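The values are calculated or read from the model by the stated rules, or taken from the named source; none is laboratory data. What you see is a predicted model; the values in this text were computed from it and never measured. Keep in mind that these areas ignore ligands, DNA and RNA; they rest on the heavy atoms of the full protein, side chains included. Shrake-Rupley method; radii C 1.70, N 1.55, O 1.52, S 1.80 Å.
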Amino acid sequence: MTTDDVLDMFRDAGALLEGHFILSSGRRSPVFLQKALIFKNPVLTATLCAALANKVRDSLDTLPDIIIAPAMGGVIPGYEMARQLGLESLYMEREDGEFTLRRGFTLEQGQTVLMVEDIVTTGLSSRETIAAITQAGGKVVAGCCIFDRSGGDADIGVPLISLAAKRFPDYDPDDLPAELQRMEAIKPGSRGLS
């Protein structure tokens, strides 16, 4: 599956949006991938995650012991990746602004982990999740995501395996191009919502 194939799936699902968007990182972009419109469909989700699971198998010498994803966006692809790879799926949630394992989830010391994200832009959530996994005793062998908006530039501290990668323009809010300055900014993502 190519990046164009993935973008076509997003486009067909009405999940490739154009306008002026506030990304989870706080940066601004004329393109937003509304993955919730993909993840509501089990067939689309399974198709994307099956292709990503194949890339993970091809990229790693040994599969990890477990999958961990950051809530909220990584929960569905994390679960589906675990299903595709025959592993258990845990997720981290923010508590007082920090990612942590809750709900009785635990890791054994040294347990190997594949961190699963939905979409990576700057890699901040991935780095925070990986740090929390390490603090909980896990060893992250790699991260993976459905879409890497950085086009391969995001550094998450471990190898990042992406199903699709393309650099979409994104801007500091204080340095917007004229076309975005003329549009109202909307925040379709979930980070920072109360």
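Cross-link partners of Lys55 among lysines, defined as those whose alpha carbon lies under 27 angstrom from its own and excluding same-chain residues fewer than eight positions apart: Lys35, Lys40, Lys139, Lys166.
In the Gaussian network model of the chain, springs joining C-alpha atoms below 10 Å, which of Thr62, Thr112, Thr100 carries the largest mean-square fluctuation? Comparing Thr62, Thr112, Thr100 in the GNM, the peak value goes to Thr62. For Arg102, nonlocal amide neighbours, meaning residues 5 or more places apart or on other chains whose placed amide H falls under 5 Å from its own, are Glu93.
With contributions of -39500 (n - 2.57) from each DSSP H run of at least four residues, the per-residue ellipticity at 222 nm computed over the chain stands at -9000 deg cm²/dmol.
To put it simply, the accessible area of the chain at a 1.4 Å probe is 47 percent carbon and sulfur. Converting phi to 3J(HN,Hα) with the Karplus coefficients 6.51, -1.76 and 1.60 and the offset θ = phi - 60°, the stretch 37-52 yields 6, 8, 5, 6, 9, x, 5, 5, 4, 5, 4, 5, 6, 5, 5, 5 Hz in sequence order, with x at every glycine or proline. Judged by the ratio a/c of the largest to the smallest principal axis of the C-alpha gyration tensor, the stretch 1-149 counts as oblate, that ratio being 1.5 or greater while a/b is no larger than b/c.
Helix 3-12 and the longest principal axis of the C-alpha atoms of the chain enclose an angle of approximately 70°.
Please state, to two decimals, what the Cα-based radius of gyration of the stretch 61-159 comes to when divided by 2.2 N^0.38 Å (N = residues). List each step's numbers first, then the result.
Numbers: Rg = 12.2 Å, N = 99, 2.2 N^0.38 = 12.6 Å.
Against the compact-globule rule of thumb, the ratio is 0.96.
Working from Cα positions, state the angle (0 to 90°, nearest 10) between the long axis of helix 124-135 and the longest principal axis of the chain. So the helix axis and the longest Cα principal axis differ by about 20 degrees.
Under 10 Å, Cα contacts only: if you run a Gaussian network model on the chain, which one of Ala164, Ala15, Ala53 comes out with the highest mean-square fluctuation? Between Ala164, Ala15, Ala53, it is Ala15 that shows the largest mean-square fluctuation.
Please compute the alpha carbon radius of gyration of the stretch 25-71, then divide it by the globular-protein estimate 2.2 N^0.38 Å. Two decimals is fine. Provide the component values of the computation, followed by the final result.
Details: Rg = 14.3 Å, N = 47, 2.2 N^0.38 = 9.5 Å.
So the Cα radius of gyration is 1.50 times the expected 2.2 N^0.38 Å.
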